[in-house]
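Enquirer: What follows is a single structure, and I will ask about it in a moment.
The values are calculated or read from the model by the stated rules, or taken from the named source; none is laboratory data. Quick caveat, the model's predicted, so the values are computed rather than measured. Cβ: placed from backbone, ideal geometry, glycine included. Neighbour counts: every protein chain shown.
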Amino acid sequence: MMRAWKLPILLVLCGSVIAIGQILQGSPVQAAVFLLVFVVLAGASSPLLFPKPVGALEAQRRSAVDGKPVVYWRAGCKYCMRLRFRLGRRARQLHWVDIWRDPAGAAVVREANGGDETVPTVFVAGRPHVNPGHVWVREQLPSSGG
């Protein structure tokens with residue numbers, strides 16, 4: 001779980017160091033701007049922007065019941081963030097598995113991708129799709145969920 005927070009923590013620390021330097025140089029406004037930018041970047045690269053992750057087994061069980069795709073992702077992945085942002089509110093209709101929090105999820109992704117942990121990997125009806133477009137993912141949602 002800590003691995004998912006390394007980049008956001010590093011961004012906040014770097015922003016804090018730069019802000020302190022700006023304050024010492026007599027530029028408190030510039031310090032505040034730098035700190036705000038780094039905090040926003042930290043938030044964007046954190047797990048906070050994603051729906052609450054579930055374990056791979058639970059996601060597979062839920063998907064079998066409701067027919068919704070399962071998205072395997074990890075914090076800090078720019079392709080995962082792009083998919084999440086482009087899906088907008090519809091992202092909450094999918095089952096999200098954070099492969100850094102769930103070893104079983106990481107194993108599923110490695111099996112689907114020849115040993116690589118390539119994300120996002122989206123499973124629809126048990127078939128993996130690596131880094132699919134957001135329009136395609138939206139089309140895979142059951143119409144009743146919509």
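Enquirer: Applying the selection to segment 103-123, what residues are crowded, with 21+ Cβ neighbours inside 10 Å and not hydroxyl-bearing (Ser, Thr, Tyr)? First the steps, then the outcome.
Expert: Restricting attention to segment 103-123, the residues satisfying the condition of being crowded, with 21+ Cβ neighbours inside 10 Å are 105, 108-109, 119-123.
Passing the criteria: GLY105, VAL108, VAL109, VAL119, PRO120, VAL122, PHE123.
Enquirer: For residues that are without any contact (Cβ under 8 Å) to a residue 40 or more places away in the chain and under 15 Å from the mean Cα position of the chain (by Cα), scanning just segment 47-70, find the one that is surrounded by the fewest Cβ atoms within 10 Å (Cβ to Cβ).
Expert: Among them, the one singled out is LEU48.
Enquirer: For segment 92-142: of the residues being among the small types (Gly, Ala, Ser) and either outside the structural domain of ARG82 (by TED's automatic domain parsing) or assigned to a loop (DSSP other than H, G, I, E, B) (or both), which is nearest to the chain's Cα centre (by Cα)?
Expert: GLY133
Enquirer: Taking helices (runs of 4 or more DSSP H) that do not extend beyond segment 1-84, which have at least 2 residues that are among the β-branched types (Val, Ile, Thr)?
Expert: So the answer is 6-24, 28-44.
Enquirer: Do the conditions hold for GLY126, that is, is it free of Cβ contacts under 8 Å to residues at least 60 places away in the same chain, closer than 11 Å to VAL70 by Cβ and crowded, with 22+ Cβ neighbours inside 10 Å?
Expert: no
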